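Chemist: Here you go, one structure.
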Amino acid sequence: MKIVNKTNNKGFTLIELLVVISIVALLISILLPALAMARHTALQTRCASGLKQIGIGFVLYAEDYEQYFPGPKGYGDHGSNGDTRYMWYIGRYVNNRWWSANKGSAARWNFPPEVKCSERKVSSAYHFGMNYYYTGPYWKILNPSTTALLADGNSFYMFPNRWKKNYIFRHMDRNGQNKGNLNALMGDMHVVTVAHHAKKFTTPHEKCKFVKTRKLN
């Protein structure tokens, strides 16, 4: 008697395949925004870390120069054309090797690549802007913990006549809105993340508490 082995070769039905595809699509739609948010959060954290390193550079500079910070526009005493910003004075404390190799060129208006904001091109010099009102001894700052020293910017410094262009909200907020947050290094060297809706920047500029540094005479 011949025995025939029968195997069940039944595959997925069209409906079952559509159900599986729908579930996979749903999972992707849930996970992708979360992954994007995690990526932007990591970039924002890296940017904040760079600001902290720069803050250490400011502190070390102040220890060497009687508690003074360099002016935002520099002093014009280095470089052939006098176009030397505060980065030249701080850069040596952030990365002395890089500064020594670039002190006659890029270091006059740039920071070392490792402390730049990840949301900007490394080749760009515009990563952080210094509060234009920081002049004189830093201990004369009214409220260091609430006064910005540096912030995400599109210029070397924060100048009143270009107020709206200087501060850049380029980090994603909790609602997934890109350019919703701004990282700022405060006068006491801690870093804060400022939401666009917080409206920290008010006019007139010289009375804005976020950047006001000295008592008015």
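We did not get these values from a lab; they are worked out from the coordinates using the rules stated. Quick caveat: nothing in here was measured; it's all calculated off a predicted structure.
Chemist: Calculate one ³J(HN,Hα) per residue across the stretch 91-102 by plugging θ = phi - 60° into the Karplus curve 6.51 cos²θ - 1.76 cosθ + 1.60, and present them in order as whole Hz with x for glycine and proline.
Modeler: Running phi through 6.51 cos²θ - 1.76 cosθ + 1.60 with θ = phi - 60° gives x, 5, 8, 7, 8, 5, 5, 5, 4, 4, 7, 10 Hz.
Chemist: Around Met158, which amide H atoms from residues at least 5 apart in sequence, or from another chain, sit under 5 Å from its own amide H, with H modelled in the peptide plane?
Modeler: Distant-sequence amide H within range of Met158: Met130, Asn131, Tyr132.
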